[in-house]
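> Okay, handing you the structure first.
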Amino acid sequence: MSGHFPTGFATSAPSPAGRVLALLERVQERPGLTADQLAAELGVGERTVRRYVTTLQDLGIPVVARRGRVGGYHLEAGFRMPPLMLSTDEAVALTLTMAVLAGRDGTTGPADAALAKLRRALPRAVAERVDDVLSAVVPPEHSDRLAAGAAPDPSLLATLAAGVVGERVCRIRHRPSGGPGEDTVRAVNPYGVAVVRGRLYLHGWCHLRRARRTFRVDRITSVQLLPDTFHAPAGLDVADAVATSLATTWDGWSVSVVLDAPLAAVEAAFPRYVGVPEEVDATTTRLRLTTRNLDATVLRLSDHAFAMRVEEPAALREAFARRAAWMTRVAGPSTVDGTNGASGVSDPA
């Protein structure tokens, strides 16, 4: 599973704080760089470089400029940066943050070096817990990010990761969705954790339901490792399993529509967490999903240019008719005086 972990940060513009740290790293590793060299590497002006140096000096880090043959910027002789001191929870939280920010974009970049430096600076026991998280968590696609408030408790995540890596059964307490209700306590074989739609989800075998289930990690309030072990399914794509579960396990309506488009085009138009596509033939694809809200599903299914027909339920056709009638009223014919009959707003000249 470790192959899922990203090897590079997303290509977003670094913050000023990030550039200050990047300047410090360059001065430590390559003393003697001049202001113009640092400016070129950081993508800023020389005046900004001097301002960053002042910022570091204000923080008590003695970056000094020298003249002559060995000129450029240096750290004062004998100065050493303090060691990185992180608790296990802090290290796990930092590792998860780096994974989520990087995403699964398939690139190679500075995240490799940053993770390697982080791991080297950690005590062995803490580093092993971090390795568990790296192995157990599937980061998001590069276009996805954690939603606000979705970050889990680091110690809880570390325990789940230990269950995934060690193939140990976990006892979890899970808060139900959809309002107040009693927590459920159940034993789960944890197959993996994935970030999908901005949320962390645990996917595994639920002993209570005797079936695979997906749980939002921010609704898990406690985790306990049990002595029992299990064998995870070989070759399981945890992110795909989570997305499929999100599309097909809602209580309410089972939906099936057929689109006049090849499978690849439908897969590109609909994320797996929206619906599960099945090839009918080379030019036709069936999309299956479940929903609690047919009107919202109409909007979700309308964001494409393919011809489409509803197989089930009949109530979905009624929901499409309601939306069509509303759109017809909004786009109603203009009156002879140039105003729109639905809105009363004058047409632009």
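Values quoted throughout were computed directly from the atomic coordinates according to the rules given, and no laboratory measurement underlies them. The structure displayed is predicted, hence computed values, not measured ones. In this analysis, Cβ positions are derived from the backbone assuming ideal geometry, glycine residues included, and neighbour counts consider all displayed protein chains.
> Find how much the distance from ALA331 to ALA234 grows on full extension, using 0.36 nm per residue of separation minus their present alpha carbon separation; answer in nm with one decimal.
Extending this stretch completely gives an extra 29.6 nm.
> Then there is this: Obtain the nm distance between the two label points defined at SER302 and ARG47 by a simple spin-label model: each point lies 7 Å from its Cα along the Cα-to-C-beta direction.
Inter-label distance under the simple model: 5.2 nm.
> Here is a further query. About its Cα centre, how strong a charge dipole does segment 250-330 have in debye, to the nearest 20, once Lys and Arg get +1 and Asp and Glu get -1 at the Cβ?
360 debye
> Work out the charge dipole of segment 250-330 with +1 on the Cβ of Lys and Arg and -1 on the Cβ of Asp and Glu about the Cα centre, then indicate which of ALA296, THR283, TRP253 is farthest towards its positive end.
ALA296
> Check GLU311: other-chain or 5+ apart residues with amide H under 5 Å from its amide H, H built from backbone geometry?
SER256, VAL257, VAL258
> How far is it, in nm, from the label point at THR55 to the one at ALA321 when both lie 7 Å from their Cα along the line to the Cβ?
Placing both labels 7 Å along Cα→Cβ, they lie 6.2 nm apart.
> Between ARG292 and LEU226, what FRET efficiency comes out of the Förster formula 1/(1 + (r/R0)^6) with R0 = 51 Å and r the beta carbon distance, rounded to 0.05? Walk me through the numbers before you get to the answer.
Values: r = 33 Å, r/R0 = 0.66.
Calculated value: 0.95.
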